Amino acid sequence: MPSSDYDSACLPDILPLYYRRLFPFSQYYRWLNYGGVQKNYFQNREFSFTLKDDIYVRYQSFTTQNELEKEMQKMNPYKIDIGAIYSHRPNQHNTVKSGTFQALEKELVFDIDMTDYDDVRSCCSAADICPKCWTLMTIAIHILDRALRDDFGFQHLLWVYSGRRGVHCWVCDEAARKLSVAARSAVAEYLSLVKGSDETVKKVVLTDPIHPFIRESLVVVERYFPRYALQDQDVLGRKESVDKVLALTPDDILFTTCKLQQEFQNEKKPEIRWKLLKDEAKRKQGTSKKNQHFEKEIMLQYCYPRLDVNVSKGVNHLLKSPFSVHPKTGRISVPIDLKELETFDPFAVPTISLICEELDRPRTVEEDEKSKETKDKENEKDTAESRKIRDYKRTSLAKYVKYFDQFLDGMARSWKGELLKKSDLQKDF
Amino acid sequence: MQFSSRRKKFTTNSQAELYGEPLQFYGQPPLENISLTEFETFAVERLKLLKTIENLGVSYVKMSESYTKKLGTESKALNFLYRPEADDRKPQNGPTEQEKRRKDHISHFILRLAYCQTEDLRRWFIQQEVDLFRYRFNDLHPKQKLEFLHRNNLQYDRITVEEKKALNDKLVNSSYALSGITVVEQDVYKVPFQDALDLVRTRKVYLKAGYVYIPHQDIVTIVINDFRTRLSKALALTARSLPAVHSDERLQPLLNHLSHAYVGQDYSIQKNVGKISLEQIDSLSGKSFPLCMRQIHQSLRENHHLRHGGRMQYGLFLKGIGLSLEQALQFWRSEFIKGKVDADKFDKAYAYSVRHMFGKEGKRTDYTPYSCMKVILSNAPSQGDHHGCPFRHSDPELLKQKLQVYKVSPSGISQILELVKGMHYQLACQKYFEQTHNVEDASFSLNHPNQYFIESQKALGGGKEIKRETEAPQKPQEIPTGGPSAAPEAAANTQDEAEMTEDLDSFFQDA
């Protein structure tokens, strides 16, 4: 496992190397500048840094890519968070009259954290993850990505591995960036199905008719449920987990719960037990109006994405930046290519130690030739800049930066349209 | 509202013309001269109406039958319009429909002045006004609704019959009141989802590619959204012209008082600081904390940690009962370091937020403890949280177990659960108070966890104080555990306001 050789004590030594030679500044700036369509978009953006010993610096802002680079190379932040675009430069927030300094726009963001699934996963708890429970993140991404695209009409969704136990989504469409707090919370609530705290047993309750959005989500969940829940998590195997599932069946005059308990005594195979439960639910649909979707409710309670809605609601809420390092695991927050979602392995995500080490490895002959070629071609160009480009390409970070590039190209097409419109308007006058 | 010379030009507008419609968007301010007395009565009565709306919204499901019925009676009692038909005949007694409309119009604009000053006030005012508008709009006849849309130039894109056919299933499954037949019969509008957030939030509408498809019967949502946006913009504009109004010494104190009336007591006045020692908290939590705080306290002691929502709800409550900043820091630190957080980490990651609560960091707002309304309605707890209102956010079964542990009698438990079932969470909590304090009938109306605490201390401190005298809510209430009080100072502050506000205060105490 690549992360096993990471030691957080060596962060102060390798962070400078990462920010000097590997961090993809030009792509990063290209993203947050959004083609320069709106004035001061990058300049008024808040960054906040976590430095050594958990020292937290908020309201950083930068006028140019160069300034951002210089400052990051000077401060070597352990962690970078991105905040909102404000009405004024965040680093001057103390100089403007209080009340006038306001968060105006930000990407619509989602944060899904594995700790929120602790009551339904048996393999790990708290900050731990394993390939078994990672399926939950795959399901979450499938469901939310579809809904954000098809239902809400967003196109530019950047999914990012948080570096430890969860994923983030950055919806970068212009319409999404301009959403009000009320709209953000409405979207988040539309997407939330699992409700309640430790004090609630049944966290999903469906009412008739089932909304098309829930139907679509069920299609995804049903695809994963047998392998994930019945096999990997074995929710119908051990006694206590069976009891947990049965607690979600209706305890009614038909004694559904008791009946299933008895049937389960003679049948040990999880798949067949699940079938018995489904049959019971089907029978129920014919007889009663209440609780008739309990098998669906169980599936959703076990698999449906659990959002931290507070992160999505606030315009000024900070979220860990892509390509920031996770100080605990050393893994880089990398964008996830949805084409390879099924095979995405959080444990295979490169750590900062790994990529810095790869940088020190002697070059292969092939690489040397390539670099000679580029040198000849770009003789005139800033050599430091081109060297940096070559640098990340020699590490396992390369494929993630490449995907990030593709994502940005997609967005560039839409802001090119914006720019054209703008210049057309100017000609009219 | 115009106070300058402009008003003279417009006095020709006849009332019949001005108030020809049962419902309006309040686009034009009233331009007539009114007396100060009228100014005050109108404002106070509308405030009562809005306060009623707020209370009904907690006790009943909004727009349910009992809600609308109750609201209808209340509007009638306060002489606000309650019938959509214009009826020119002079009723036996009381004002005519026209007069009511005029009062509605003027009082709305007065409260705009009083409620435009801060974000909090604006939010509260908009919420209540929107609820009122929704109730009134729903009460209109279908024909009047159409007229209203027409008159206010509200046009929405209709989808074609073919499109309707193609989407039939999805539309039917997205809306509770729709069947295949009704879809065919009525118009379906297509609007950006941002204009129908209430329907999106509750998944009561079909959503595709950023547009919602709204059947005509649900059009109220978009109209309300429009109303909300306009009102919000108008309030922002009003705030800008406020200095001119404030220079009027007749109006300024009245407006200020009106705006303070909505929350009642906010329990932030820190007259009790230092009256409680940290050792007392455990025993107080069993005796005098409302269930929500008792629950948070318990889980804090068990887990030595609390997530943000719990820290805010509980931390501000503790501040309200009299913990000083130093005590609070000591309290949280000593508990957290028993868990996974060491002292160093606490000072870096958590101490800031404790100081923040006391207004010592950030924008230096002295935050007020959460009211029941806030606890019940905002930031519902999720996995790993312990905050919220146990009557609202716990499974009835778990609530029952908990109450059993706390030795509430079986009959008390069933009464509480019955109230919970009817969604009367505050009443359920009050019942819990009565049960745990052996009081027959609590003589207060519970709307704040800190109020619960104060009432509990009163009840436990001795029978005399239970019979509440005419104690104005603005006055700080002393906790019997403390020494001599600092009351005279506060009494002086409130004296000059007392005259004008007596009426209001007595109303809000009973509300």
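The values are calculated or read from the model by the stated rules, or taken from the named source; none is laboratory data. Everything quoted here is computed from the prediction, not taken from an experiment. Cβ coordinates were reconstructed from backbone atoms using ideal geometry, including for glycine residues, and neighbour counts include every protein chain displayed. Each accessible area value is taken on the protein alone, full model and side chains, heavy atoms only, with ligands, DNA and RNA left out. Shrake-Rupley method; radii C 1.70, N 1.55, O 1.52, S 1.80 Å.
Only four residue types carry charge here, +1 at the Cβ of Lys and Arg and -1 at the Cβ of Asp and Glu. Report the dipole size of the protein assembly as shown about the Cα centre in Debye, rounded to the nearest 20.
Approximately 960 debye in magnitude.
Just to confirm, what accessible area per residue do you get for segment B:292-365 at 1.4 Å probe, in whole Å²?
43
Please work out whether segment B:96-200 counts as rounded, prolate or oblate from its C-alpha gyration tensor, where a ≥ b ≥ c are the square roots of the eigenvalues and a/c under 1.5 means rounded, while otherwise a/b larger than b/c means prolate and anything else oblate?
Judged from the Cα gyration tensor, segment B:96-200 comes out prolate (a/c at least 1.5, a/b above b/c).
May I ask for the net charge around B:Ser232, where only other residues with Cβ less than 13 Å from the Cβ of B:Ser232 are counted and Lys, Arg are +1 while Asp, Glu are -1? Show your work: numbers first, answer last.
Details: positive: B:Arg112, B:Arg122, B:Arg123, B:Arg228, B:Arg230, B:Lys233; negative: B:Glu119, B:Glu129, B:Asp226.
The answer is +3.
Find, among the trypsin sites (Lys or Arg not before Pro) in segment B:312-372, those assigned to loop by DSSP (not H, G, I, E, B) with at most 16 other beta-carbon atoms within 10 angstrom.
Passing both the DSSP loop test and the Cβ count: B:Lys338, B:Lys340, B:Lys360, B:Lys363, B:Arg364.
Work from the charge dipole of the protein assembly as shown (Cβ charges, +1 for Lys and Arg, -1 for Asp and Glu, about the Cα centre) and give the residue of B:Ser394, A:Ala247, B:Ala236 farthest towards its positive end.
Towards the positive end, the residue furthest out is B:Ala236.
If you count, for every residue in A:181-193, the Cβ atoms of partner chains within 10 Å of its Cβ, what is the mean?
4
Please identify the trypsin sites (Lys or Arg not before Pro) of segment B:369-425 that satisfy two criteria: DSSP loop assignment and at most 11 other Cβ atoms within 10 Å. Which are they?
Qualifying residues, ordered by number: B:Lys407.
Quick check on my link table: of A:Lys202/A:Lys282; A:Lys202/B:Lys345; A:Lys195/B:Lys287; A:Lys320/B:Lys340; A:Lys195/A:Lys239, which ones sit more than 28 Å apart, alpha carbon to alpha carbon?
As for pairs spanning more than 28 Å Cα to Cα, those are A:Lys202/B:Lys345; A:Lys195/B:Lys287.
Rank-order B:424-432, B:218-226 by packing density, defined as the average count of other C-beta atoms within 10 Å over each peptide's residues, highest first. Working shown, then result.
On the way: B:424-432: 23.1, B:218-226: 19.8.
Packing proxy ranking, top to bottom: B:424-432, B:218-226.
With a 1.4 Å probe, what is the total accessible area buried between chains B and A, in Å² rounded to the nearest 100? Don't jump to the answer; show the numbers that get you there.
Numbers: alone 26740 and 21000 Å², together 44860 Å².
For B against A, buried area totals roughly 2900 Å².
Looking at B:Ala43, A:Gln265, A:Ala182, which one has the Cα that reaches farthest to the positive end of the dipole of the protein assembly as shown (charges on Cβ: Lys, Arg +1; Asp, Glu -1)?
A:Ala182
What FRET efficiency do you get for B:Glu162 and A:Leu419 if R0 is 41 Å and r is their Cβ-Cβ distance, rounded to the nearest 0.05?
FRET efficiency, B:Glu162 to A:Leu419: 0.65.
Please average, across the residues of B:378-389, the number of beta carbons from any other chain that are within 10 Å of each residue's own beta carbon, and give a whole number.
That works out to 5 on average.
Hey, what's chain A come to in accessible area per residue, 1.4 Å probe, Å²?
On a per-residue basis, 46 Å².
Can you work out the FRET efficiency for the pair B:His304 and B:Tyr367, with r the C-beta to C-beta distance and R0 = 22 Å, to the nearest 0.05? Don't skip to the end; give the middle numbers.
Numbers: r = 24 Å, r/R0 = 1.08.
Efficiency for this residue pair is about 0.40.
Using the crude model of +1 on Lys and Arg Cβ and -1 on Asp and Glu Cβ, and no other charge, please compute the dipole size for chain A relative to its Cα centre, in debye to 20. Walk me through the numbers on the way to the answer.
Details: 68 positive and 66 negative charges, 129 e Å.
Computed charge dipole of chain A: roughly 620 debye.
Is the C-alpha gyration tensor of the protein assembly as shown telling us rounded, prolate or oblate? Criteria: a/c under 1.5 is rounded; beyond that, a/b larger than b/c is prolate, otherwise oblate.
Verdict is rounded for the protein assembly as shown.
Could you please state how large a percent of the accessible area of the protein assembly as shown is carbon and sulfur, counting protein chains only and using a 1.4 Å probe?
Answer for the protein assembly as shown is 51 percent, counting heavy atoms of protein chains only.
Rounded to the nearest 10 Å², what accessible area does A:Arg394 have for a 1.4 Å probe in the complete protein model?
Surface open to solvent at A:Arg394 totals about 40 Å².
Among B:Gln217, B:Gln194, B:Phe227, which residue has its Cα positioned farthest towards the positive end of the charge dipole of segment B:178-229, with +1 placed on the Cβ of Lys and Arg, -1 on the Cβ of Asp and Glu, and the dipole taken about the Cα centre?
Going by the Cα projections, it comes out as B:Gln194.
Could you compute the FRET efficiency for A:Asn316 and B:Lys287, with r as their C-beta to C-beta distance and R0 at 56 Å, rounded to 0.05?
0.90
Where the eigenvalues come from the Cα gyration tensor of chain A, what are the semi-axes √(5λ) of the equivalent ellipsoid, largest first, in whole Å?
45, 27, 20
How large is the dipole of segment B:126-229 about the Cα centre if only Lys and Arg carry +1 and Asp and Glu carry -1, each at its Cβ, rounded to the nearest 20 debye?
Using only the charged Cβ atoms, the result is roughly 120 debye.
Taking the Cβ of B:Met293 as the center, what net charge do the other residues with Cβ under 13 Å away carry, scoring Lys and Arg +1 and Asp and Glu -1?
In short, +4.
Does segment A:262-333 come out rounded, prolate or oblate, given a ≥ b ≥ c as the square roots of the eigenvalues of its C-alpha gyration tensor, rounded meaning a/c under 1.5 and, failing that, prolate meaning a/b above b/c?
Oblate shape, in that a/c is at least 1.5 and b/c is the bigger or equal ratio.
Relative to the present Cα-Cα distance, how much length would full extension add between A:Gln261 and A:Glu340 at 0.36 nm per residue of separation?
Full extension of this stretch gives 24.4 nm more.
What distance in nm lies between label points placed 7 Å from Cα along the C-beta direction at B:Leu242 and A:Arg20?
5.4
Determine how large the accessible area of A:Lys416 is when every protein chain is in place; take a 1.4 Å probe and give Å² rounded to the nearest 10.
The value for A:Lys416 is about 130 Å².
In deg cm²/dmol and to the nearest 500, what is the mean residue ellipticity at 222 nm of the protein assembly as shown if only DSSP H runs of at least 4 residues count, each as -39500 (n - 2.57), divided by the residue total?
-16000 deg cm²/dmol
Using alpha-carbon positions, what is the distance between the centroids of segment A:96-152 and segment B:308-353, in Å?
Cα centres, segment A:96-152 to segment B:308-353: 27 Å.
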